[in-house]
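All remarks here apply to the structure that follows.
The values are calculated or read from the model by the stated rules, or taken from the named source; none is laboratory data. Small disclaimer: the values here were computed from a predicted structure and weren't measured. Cβ placement follows ideal geometry from the backbone for every residue including glycine, while neighbour counts extend to all protein chains displayed. Surface accessibility is based on the protein's heavy atoms, side chains included, excluding ligands, DNA and RNA. Shrake-Rupley method; radii C 1.70, N 1.55, O 1.52, S 1.80 Å.
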Amino acid sequence: MTLLPDRTEKKLGLVIDLDTCVGCHACVVSCKGWNTENYGAPLSDQDPYGADPSGTFLNRVHSYEVQPETGPAQLIHFPKSCLHCDDAPCATVCPTGASYKRVEDGIVLVNEADCIGCGLCAWACPYGAREMDAAEKVMKKCTLCVDRIYNDNLPEEDRVPACVRTCPSGARHFGDLGDPDSDVSQLVAARGGMDLMPELGTKPVNKYLPPRPKDGLDRDIDVLAPWLAPVAEDPKGFLGWLDRALGKIDGKTTGGR
Amino acid sequence: MHPAPSVILFTTLSGLGFGLLAFLGLGMPGSTGWVAFAFFAIAYGLAVGGLLASTFHLGHPERALKAFTQWRSSWLSREAWVSVAALLVMGLYGAGRVFLGAHWAPLGLLGAALSLATVLTTSMIYTQLKTVPRWNTALTPILFLTFSLAGGALLAGQIDIARVLLAVAAAAQLAWWVRGDGAFEKSGTTLASATGLGPIGTPRAFEPPHTGPNYLTREMIFVVGRAHAKLLRLVAAILAFAAPLVLLSLPFSHGLAALAVLGHLAGVFVSRWLFFAEAEHVVGLYYGKR
Ligand code: SF4
Ligand code: SF4
Ligand code: SF4
């Protein structure tokens, strides 16, 4: 059923820390690995070793440069997967009932056997979280690793999403965002977790923690700095003449000029 | 948005076909027998041909019947229901006209209403998407309906009505373009709101997730030909509205009328191509593109 439930018993989701993500793409790889081997159709690649490779991913890491009003620019790595929105527009547009939001935990899933591959849900998602698999012609999206988190066959520490388990910098957290006392909810409260594109009214469950403010460089970097002044000087004499003569040919000079 | 030929064919042909069906349902023209057969054949050819074309862009057309299940929430599902209902009712009504020479007015009226409702549901599939600000407006259904009615009147040979409706459709098109050009800015969605990084400074897309394109960039970020949009708008307006209006004001001949129809059809094609090619999806922001 593509009608959204009035409320869900839990709101399972991710909290992504933009302060600690180092942009290593390990979550991208582990997500692709797990979800190719498990639930649903594999995530195919087209022309993987050729000149124009592309493929299906449920999680991608963008990088943004942010220029503050003063001071140096900051580079922010930005993992993006389905946000399991409370008001998921991707579910309601689906004509077949393939896309739905689960009442028990709020996970948004695609029943691939019902999907006609019309692509309308991908148009409805503002975040680019849905990708049509070019080989299977069905819609793929993050499952919140539903086949790991309840999987009794896995050791307990592995019953979290593959991306969370893999992240080497602890930038991804998994839990119930509907429970104000859960670790993830506390983290969101403490760090000012935010919604992406709140103006679109999708009410994402996943939250992003903004980067913490950076230290300023208001003093000498190092007390030894004055003794480490650059020693390169302009060449004199014959070498100076040679440098100038060569510079006329290639436009380059030695030294600080 | 990627202007998929199957979807452009579908919205153009079906829009025209259901427009013609609406006029036939109202008894304009009220011909019977073979003449009626020809009119209904053209209308069904366009409407059904368009619907068939739309299934070509489905990944799994063999499961298309499942699309009838979610009418409570999905405009695409509603479109499936209403289009089938319109075709069935108009089929019955058409059979009466062709074989019995009977004009069952209430049935025709119902069929006409269902035909226009089909065009409405098609337009709502696009209108409902907040992710594409250019489409997310009440002007979109007006655009689709006026186009369908103008084309329908033209095909039905209702020259006087067609003149008025062509002018109305041209006005709707103009209003839609003017509003659309500022829609993305007005929507308030920016890279700052998309990343939540606005409070720190001005964000700029630095590196995409992968060096190559992907489904999202191919489907939602289409920039080819946008540079020529202004020229293509002129072509669309001349072909779809100006040319038919001029041709209809000349002394009537079947050749000129056919020319007017063909010009209108070509113009609507160009307009529909622009409808998709000029539409910008907010996901483009994440890729530093529009
Ligand atoms: S992020 Fe996109 S795909 Fe996921 S629930 Fe929200 S709208 Fe749907
Ligand atoms: S692509 Fe599949 S899941 Fe998405 S709206 Fe169409 S039928 Fe539903
Ligand atoms: S929760 Fe699972 S499916 Fe979703 S992004 Fe992480 S690894 Fe991928």
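Things to note:
- Taken along its three principal axes, the alpha carbon spread of the protein assembly as shown comes to 104, 71, 41 Å, from the longest extent down to the shortest.
- Once B binds A, the 1.4 Å probe can no longer reach about 4700 Å² of accessible area, counting both sides.
- Of A:PRO226, A:PRO210, A:PRO126, the residue with the greatest mean-square motion in the GNM of chain A, using alpha carbon springs below 10 Å, is A:PRO226.
- Axis angle, to the nearest 10 degrees, between helix A:26-37 and the longest C-alpha principal axis of chain A: 30 degrees.
- Its relative contact order, with pairs defined as Cα atoms under 8 Å and 6+ residues apart, puts chain B at 24 percent.
- B:GLU185-A:ASN151 FRET efficiency (beta carbon distance; Förster radius 51 Å; 0.05 resolution): 0.65
- You can think of it this way: the chain between A:ARG7 and A:VAL223 has 71.8 nm of extra reach, that is 0.36 nm per residue less the Cα-Cα gap.
- Here the protein assembly as shown has 65 percent of its accessible surface on carbon and sulfur atoms, given a 1.4 Å probe and all protein chains in place.
- Rg/Rh ratio calculated on Cα atoms of region B:86-133 (Kirkwood radius): 1.26
- For region A:66-95, a drop of 50 Å² or more in accessible area on going from the chain alone to the assembled protein chains (1.4 Å probe) is found at A:VAL66, A:PRO95.
- Annotation for region B:118-159 versus region A:104-118: alpha-carbon center distance of 30 Å.
- Applying the criteria of a DSSP loop state and at most 11 other Cβ atoms within 10 Å to the GluC sites (Glu not before Pro) of region A:7-109 yields A:GLU69, A:GLU104.
- Karplus-derived 3J(HN,Hα) values for region B:206-215, using 6.51 cos²θ - 1.76 cosθ + 1.60 with θ = phi - 60°, are 9, 9, x, x, 9, 6, x, x, 9, 3 Hz; glycine and proline are entered as x.
- Simple point charges give the picture: +1 on the Cβ of Lys and Arg, -1 on the Cβ of Asp and Glu, and for the protein assembly as shown a dipole about the Cα centre of about 1720 debye.
- Helix-only [θ]222 nm of chain A, DSSP H runs n ≥ 4, -39500 (n - 2.57) each, per residue, nearest 500: -5500 deg cm²/dmol
- Simple point charges give the picture: +1 on the Cβ of Lys and Arg, -1 on the Cβ of Asp and Glu, and for chain A a dipole about the Cα centre of about 620 debye.
- Across chain B, Cα-Cα pairs farther apart than 37 Å form 19% of the total.
- Max mean-square fluctuation residue, GNM over chain B, Cα-Cα springs under 10 Å, options B:THR32, B:THR211, B:THR137: B:THR211
- Note on B:HIS103 and A:CYS24: the model spin-label points, each 7 Å out from Cα along the C-beta direction, lie 7.9 nm apart.
- Think of a 1.4 Å ball rolled over the protein heavy atoms: chain A then has 50 Å² of accessible area per residue.
- Descending principal axes extents, region A:7-79, alpha-carbon based, whole Å: 48, 47, 19
- Mean separation of Cα contacts under 8 Å, 6 or more apart, over the residue count of chain A: relative contact order %: 25
- Inter-label distance for B:LEU174 and A:ASP183, nm, one decimal - labels placed 7 Å from Cα along Cα-to-Cβ: 6.4
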